[in-house]
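Below is one structure, written out as structure tokens; comments come after it.
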Amino acid sequence: MKAAAFSGLLLFLVLNGCRHGSSSSSLDPAAARGLSDSFMADLIAHRTDAAFDKMEPEFRNMVNRSAFGPELEKLFQYCGWPLDSELKQSGPGTKVYGDGRTNPILKFTYAANTNQYPKGQCYFSVDVAPSENTVRVTTFGPLKVTSGNPFP
């Protein structure tokens with residue numbers, strides 16, 4: 001039950017938590033890219049505690065640290081665990097929180113080989129937002145290609 005709620009929360013945040021096209025002027029693009037790349041490296045290396053530490057406080061307050069690794073294992077059953085990453089796209093957007101607040105984001109999308117699929121079948125989205133006088137990961141999740149090539 002908790003796994004379904006965690007997976008549902010992540011997919012909801014990834015699919016509905018951001019709107020594209022807003023300004024990301026309060027975000028340092030280099031810092032956001034560095035954090036996103038580091039977060040993906042943590043996932044690839046199964047450093048779940050390090051990945052958890054990169055999440056914004058709103059996420060860390062909703063998800064128990066000890067449950068994060070096991071829940072990632074369940075979430076990544078959808079596409080497999082990433083074995084590498086290649087940045088394919090980045091762009092600005094806006095995260096809309098449940099209480100109506102908004103925050104600019106930079107969304108990074110990575111192609112990856114996974115332990116289930118070759119590169120090009122699964123992508124990983126990492127959204128970075130300003131938080132606590134720095135940048136933090138606000139949402140992330142796997143994206144499976146169902147038809148066509150999203151990055152020709």
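The values are calculated or read from the model by the stated rules, or taken from the named source; none is laboratory data. Note that this is a predicted model, so its numbers are computed, not measured. Ideal geometry is used to build each Cβ from the backbone, glycine not excepted, and the neighbour counts take in all protein chains shown. Each accessible area value is taken on the protein alone, full model and side chains, heavy atoms only, with ligands, DNA and RNA left out. Shrake-Rupley method; radii C 1.70, N 1.55, O 1.52, S 1.80 Å.
Which of the lysines could a cross-linker bridge to residue 88, judged by Cα under 30 Å and excluding same-chain residues fewer than eight apart? Once the sequence-local lysines are set aside, what remains near residue 88 is 54, 74, 107, 119, 144.
If the chain linking residue 60 and residue 101 were pulled fully straight, counting 0.36 nm for each residue of separation and taking away their Cα-Cα distance, it would gain 13.0 nm.
Applying the Karplus relation 6.51 cos²θ - 1.76 cosθ + 1.60 with θ = phi - 60° to the range 121-130 yields 3J(HN,Hα) values of 9, 10, 10, 10, 9, 10, 9, 10, 9, x Hz, where x marks Gly and Pro. For the range 32-99, the gyration tensor built on C-alpha atoms gives an oblate shape. Its axis ratio a/c (a ≥ b ≥ c) is at least 1.5, and a/b is not larger than b/c. Applying the Karplus relation 6.51 cos²θ - 1.76 cosθ + 1.60 with θ = phi - 60° to the range 45-53 yields 3J(HN,Hα) values of 8, 6, 8, 5, 5, 5, 5, 4, 5 Hz, where x marks Gly and Pro.
Summed over the residues of the range 41-152 and divided among them, the accessible surface reaches 46 Å² per residue at a probe radius of 1.4 Å.
Return, ordered by residue number, the residues of the range 119-146 whose backbone nitrogen is under 18 Å from a label point located 7 Å along Cα→Cβ of residue 37. Residues 124-129, 135-137 qualify, since their backbone N sits under 18 Å from the label point. Taking every protein chain into account, the 1.4 Å probe leaves residue 144 with about 70 Å² of accessible area, to the nearest ten.
The magnitude of the dipole of the range 53-152, with charges of +1 and -1 set on the Cβ of Lys/Arg and Asp/Glu and taken from the Cα centre, is near 160 debye. Near the amide H of residue 95, within less than 5 Å, lie the amide hydrogens of 19, 103, 105, all on another chain or at least 5 residues away, with H placed in the peptide plane.
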